[in-house]
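Some notes on the structure that comes next.
The values are calculated or read from the model by the stated rules, or taken from the named source; none is laboratory data. All values derive from a computational prediction rather than experimental measurement. Using ideal geometry, Cβ is built from the backbone for each residue, glycine included, and neighbour counts are taken over all protein chains shown. Remember, those area values only see protein heavy atoms, side chains included, never the ligands or the DNA or RNA. Shrake-Rupley method; radii C 1.70, N 1.55, O 1.52, S 1.80 Å.
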Amino acid sequence: MGLGRRRRAAVAVAAVLALAGSAVVIHRVLAPAEVSTVARVGWPAPGTPPVGVVGRLPAAPLIVDGRLRVYAADRQVYADQPADARARVTPFWSYRRWPARLAGVLAEGTTVVSRWSDGTLVALDGRTGRVAWRADGPAPDGGHPARRTGAATVWDPGGLAVGRGADGGSVLVVSGGGRLRGYALADGRERWHAEGDRSCRTDLGTTAAGQAVSVDACAGTPVVEFRDVTTGTVGLRWRPPAASAGTTVTPVGCLTPRSRCRALRTAGPGAAAGRGWLVGGGAPVAAPALDAEGTVLAGELAVGMNGPVLTGWGARTGKERWRRGDLGRVRILAAQPGRLHVLTEGRDLVTLDPVTGAQRSRFPFTWSDEGFAYRPGMAYAADGYLAVERLREDATPDDDDQGWFLTPEPVLLAAT
């Protein structure tokens, strides 16, 4: 009997030790963690690719300083280089968090800001991948809308924008859950905060004049607030003429989708066309040339289709400056300083000078033998590059990624 008791005790001890070992493994696997893998080689030189399609990628790139490409994964932000590589290559640096999910990425100069589902903001030095600073921020609204390419995370990061204050410093503006925060981009120090009702306030982004823009519809009729990005002080509350409940306000002419915007477009519920407004230091100024949906602000000109003719108008005066009837109907993909990118029905990518309408480059926008039977999805332009998602022509939003994207590497990157 003594031997039996000793055997049972030994089995019990072994079971406890095994359970303890499992607990350690579970803790190591499930505990919150971050893994930072920094660059092991020097900062690359800017690329000088020939004009044309540069490469084909499985993920949407964010171009940093013309040297680096930054991508978003579910729980990771990472970079490769050079910017003009034909395919995605071994990461230059990588930063991973768990169990939080990546909600948005923004690049300003060589600083790459990542926003996570738990509200944490992590700024990385794009030159090395090292963590520059961390800060607590408001949790992002909504879920995780990005598809496989991560384009929505890096090309249109909701609730994340940057503006330049009167003192010349860059301010990161972050919103979520009715909370609005301003952080010094240099060190992550919170400079100001504002509270609101998430059910009736929408934060749009920043203006080129150094303002954070929000729409307050808590009293029914929307009012647009312009807040100084440096201090958080509201300097102007503007009610769009003829505005009513349901009026929408959309940023136009932004350096990135939500940052340093130079115009707004307002539209009432069910309206066929809206009204365009230039924004600066004072009250918005009517810009009828921006009224039509699909018209973009490229430099000082409003550019859109006038029937079958691509036309540029003075944004303030509405006076026609140039027209291009030789291109046929085109889709405006993106604009960046000095470049306007349009896609013809024959899938030629044409880059124009937005001031004169003169052609800078033109080439077939496809890869090898993959053909032209695709529909353009999200697009992004910076540092002379253009990246575009290619979708299946018959794709619908309900399709999974395989049915949505044209190929496993659907993003084309071009130098223009």
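Considering 252, 279, 213, 223, which residue is free of Cβ contacts under 8 Å to residues at least 40 places away in the same chain, of a type in the set (Val, Ile, Thr) and within 29 Å of residue 317 (Cα to Cα)?
Every option except 223 fails the conditions.
Can you report the number of residues in segment 343-359 which are touching a Ser or Thr at 6+ places or on another chain (Cβ under 8 Å) and surrounded by 17 or more Cβ atoms within 10 Å (Cβ to Cβ)?
Total meeting the criteria: 3.
Scan segment 325-333 and give yes if some residue there is under 21 Å from residue 262 (Cα atoms) and not polar (S, T, N, Q), otherwise no.
Kept after step one, since they are under 21 Å from residue 262 (Cα atoms), are these residues of segment 325-333: 332-333.
Now restrict to residues that are not polar (S, T, N, Q): 332-333.
Yes.
Looking at (1) free of Cβ contacts under 8 Å to residues at least 60 places away in the same chain; (2) surrounded by fewer than 24 Cβ atoms within 10 Å (Cβ to Cβ); (3) on the phi < 0 side of the Ramachandran plot, which is the only condition residue 142 fails?
Unmet condition: (3).
Hand me the list of strands (runs of 3 or more DSSP E) wholly inside segment 255-352 holding 1 or more residues that are hydrophobic (A, V, I, L, M, F, W, C), in contact with a strand residue (DSSP E or B) (Cβ under 7 Å, 6 or more places away or on another chain) and over 23 Å from residue 378 (Cβ atoms).
Fully inside segment 255-352 and qualifying: 275-278, 301-306, 309-314, 320-324.
Tell me which residues, restricted to segment 202-225, are among the charged types (D, E, K, R) and either touching a Phe, Trp or Tyr at 6+ places or on another chain (Cβ under 9 Å) or buried (at least 20 other Cβ atoms within 10 Å of the Cβ) (or both).
Listed by number, the residues that qualify are 203, 225.
What are the residues in segment 266-302 that are touching a Pro at 6+ places or on another chain (Cβ under 8 Å) and among the β-branched types (Val, Ile, Thr), if any?
Within segment 266-302, 266 is the sole residue that qualifies.
Identify all residues within segment 125-134 that are touching a residue at least 24 places away in the same chain (Cβ under 8 Å) and open to solvent by 10 Å² or more (accessible area, probe 1.4 Å); write none if there are none. Don't jump to the end; show me each part of the working.
So the first thing to find is which residues in segment 125-134 are touching a residue at least 24 places away in the same chain (Cβ under 8 Å), and the list is 126-134.
Matches in segment 125-134: 127, 128, 130, 131, 132, 133, 134.
Restricting to segment 226-248, count the residues that are modelled with pLDDT of 95 or more, touching a Ser or Thr at 6+ places or on another chain (Cβ under 7 Å) and open to solvent by 20 Å² or more (accessible area, probe 1.4 Å).
Adding up the residues that qualify gives 2.
I need the full set of residues from segment 391-401 which are over 20 Å from residue 71 (Cα atoms) and either out of contact with any strand residue (DSSP E or B) (no Cβ under 8 Å at 6 or more places or on another chain) or in contact (Cβ under 8 Å) with a residue 24 or more places away in the chain (or both), in order please.
Result: 394, 396, 397, 398, 399, 400.
Going through segment 154-172 one residue at a time, which ones are out of contact with any Leu (no Cβ under 6 Å at 6 or more places or on another chain) and either open to solvent by less than 10 Å² (accessible area, probe 1.4 Å) or more than 30 Å from residue 57 (Cα to Cα) (or both)?
Passing the criteria: 155, 161, 163, 164, 165, 166, 167, 168, 169, 171.
What about residue 413, is it assigned to a strand (DSSP E or B), without any contact (Cβ under 8 Å) to a residue 60 or more places away in the chain and either open to solvent by less than 10 Å² (accessible area, probe 1.4 Å) or more than 28 Å from residue 262 (Cα to Cα) (or both)?
Spelling it out, it is not the case that residue 413 is assigned to a strand (DSSP E or B), without any contact (Cβ under 8 Å) to a residue 60 or more places away in the chain and either open to solvent by less than 10 Å² (accessible area, probe 1.4 Å) or more than 28 Å from residue 262 (Cα to Cα) (or both).
Residue 53 fails exactly one of the following numbered conditions: (1) touching a strand residue (DSSP E or B) at 6+ places or on another chain (Cβ under 9 Å); (2) in a loop (DSSP other than H, G, I, E, B); (3) more than 21 Å from residue 138 (Cα to Cα). What is the number of that condition?
(2)
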